[in-house]
Amino acid sequence: MGLLVVGGGLAACSEAGPPAQGQPDGQTQPEPDAGGPGGMGGQGQGQPEGWDDGIRLPLAEDLNPDPNIVEVAIAAQPAMVSLVPGGPTPVWTYNGQLPGPQIRARVGDRVIVHFTNQLPVETTVHWHGIRVPAAMDGMPGHSQAPVPPGGAFDYDFVVPDASTFWYHPHIDSARQVGDGLYAPFVVEDPAEPQDLGDEVVMVLSDLGVADDGSLQPEDSGGDLGTLFGREGNLLLVNGKIRPTLKARPGRPQRWRIINAAKARYFQIDLPGHTFVRIGGDGGLLSSPVQVKNPVLAPGERADLVVVPTGNEGDDLVARWMAYDRGFGTAFNRPPADLFVVHLEGSPVAPPASPPSIHRTIQPIPTEGATTVDIDLTMQNSSPLELGINGMVMPTFYAQVGETQVWTVTNRIEWDHPFHVHGFFFQVLGDDGRPLEPMEWKDTVNVPVNGTVHFVIRYDDRPGMWMFHCHILEHAEAGMMGMLSLREP
Ligand code: C2O
Ligand code: CU
């Protein structure tokens, strides 16, 4: 397992061969039954009784006895949830749960999802960040026909990378994701360190709910609402308002966090504490990095180790803090509570040193790469129309095996989280080298009037892919494009 214990910290060295087609390396094949799904070695031992009961997300039931196949049934369906005293809230869910059930697999597993649509409208499922074949990517009209009300579709693919992913619809996504259709998808690698901390998967989102429980109108604020991106008034952590997680003081926890909100950025604060970020969109980082206030743009994930400290009985309150994504989005907005970490049990000595992860990530060579220039543009302010290079849904081309350097320039005075389907990329610094620590990304924030460069190498999955802003109202307003990946 390549696990070395060094002075109370952990070092895992995976010696990786060259990356296959420029994609995440350093991941090994699973050993059968080394820590089953959800079964991080010793998960939760030493934490208080029922420590994660207030927050834990149920797993989708695996219907297949084969240890290398995860087979689940997922239905998109309306449901009522109770969030405010004034009345129930009608949401859209997977399997009646908000968020939907957690799918959990090991790297290399085959995943089969029997999907049924019980919504009154058509939908598809997109597996955000997972390198599936184009035909499984959930892009209506290109990957697959939309699944009509009452219809079904079987998704069937292998999960090649370990990380924290998520799934959500790809039709009318501001509404469908915004109304509750989102869920976590965790792919474990048994060769990664298993005891970085007791794991909690947290899906962050928000919902606009009136006092009587009804949903705020989809078009509140009109074009300006769309341009801001609609942020709900209720902050949800795993579908709950201000849930409580218990923690043994001094024992590390590993929080896998997903920002599933359609527009809200989450800047996280745990007063008196600093996080060690060990992973992001595409698995572990090349080395860990300390972060006081991690920021997740819509679509992004963070894998954080935190050691809750304090006295037995203390409540630590994790808070959302406003992040300035342009035009007064952080002006005069006080922090808001996300969840409570209730300290219980006698303190244990925290690890002597922070976790140390080492993952070999090879920089994708940029020599000879073709370049792609993307401008994020506003076509029209009323009715609002956003675009890419002055167009709505332009198509770009690439070949299997090709390396491209994308330069994404934000011509609008708002941040945009830029997401590419199907392929991870490496963000480049001004020197043209990957940022350190290195990591694989599928969503990157492009700041107000800023530019981001990244390098991407296409493996052998030809077809039509998509890229877009993950402020889903911006995507729906036209900030989307297509990538046609062809055989040479
Ligand atoms: Cu989560 Cu097309 O995206
Ligand atoms: Cu945007």
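The values are calculated or read from the model by the stated rules, or taken from the named source; none is laboratory data. As the structure is a prediction and not an experimental result, all values here were calculated from the model. No Cβ is skipped: glycine too gets one built from the backbone with ideal geometry, and neighbour counts run over all protein chains shown. These accessible areas exclude ligands, DNA and RNA; they are computed on the full protein's heavy atoms, side chains included. Shrake-Rupley method; radii C 1.70, N 1.55, O 1.52, S 1.80 Å.
Some values worked out for this structure:
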read-out	value
Mean projection area, nm², convex hull over Cα of segment 370-486	6.8 nm²
Rounded Å value of the spacing that divides the Cα centres of segment 286-307 and segment 219-272	14 Å
Total formal charge among the other residues, if their Cβ is under 9 angstrom from that of residue 104, Lys/Arg +1 and Asp/Glu -1	-1
With all protein chains modelled, accessible area of residue 376 [1.4 Å, Å²]	0 Å²
Lysines whose Cα lies under 16 Å from that of residue 441, excluding same-chain neighbours fewer than 8 positions away	none
GluC sites (Glu not before Pro) lying in DSSP loop within segment 196-260, provided at most 15 other Cβ fall within 10 Å	218
Segment 145-155 - phi-based ³J(HN,Hα) in whole Hz, Karplus 6.51/-1.76/1.60, Gly and Pro as x	6, x, 7, x, x, x, x, 9, 8, 9, 8
Base-10 log of normalised Debye intensity for segment 69-188 (one unit scatterer per alpha-carbon) at q = 0.15, 0.20 Å⁻¹	-0.63, -1.07
Binned Cα-Cα distance frequencies in segment 160-272 - 10 Å width, integer %	12, 37, 31, 16, 5
Against the rule of thumb 2.2 N^0.38 Å, how large the Cα Rg of the chain comes out	0.92
Per-residue HN-Hα couplings for segment 157-169 [Karplus 6.51, -1.76, 1.60; θ = phi - 60°; Hz; x = Gly/Pro]	7, 9, 9, x, 10, 8, 4, 9, 10, 7, 10, 6, x
Loop-resident sites, segment 66-117, for trypsin sites (Lys or Arg not before Pro), counting at most 12 other Cβ within 10 Å (DSSP)	none
Ranked by how many other beta carbons lie within 10 Å on average, peptides 308-318, 114-124 from highest	114-124, 308-318
Proximal lysines to residue 240, defined as alpha-carbon separation beneath 27 angstrom and excluding residues fewer than eight positions away on the same chain	262, 292
Formal net charge of residues neighbouring residue 313 (Cβ-Cβ distance under 14 Å; K, R +1; D, E -1)	-2
Cβ charges +1 (Lys, Arg) and -1 (Asp, Glu), total dipole of segment 49-172, debye	180 debye
The chain - mean residue ellipticity at 222 nm from DSSP helices (-39,500 (n - 2.57) per run, n ≥ 4, rounded to 500)	-1000 deg cm²/dmol
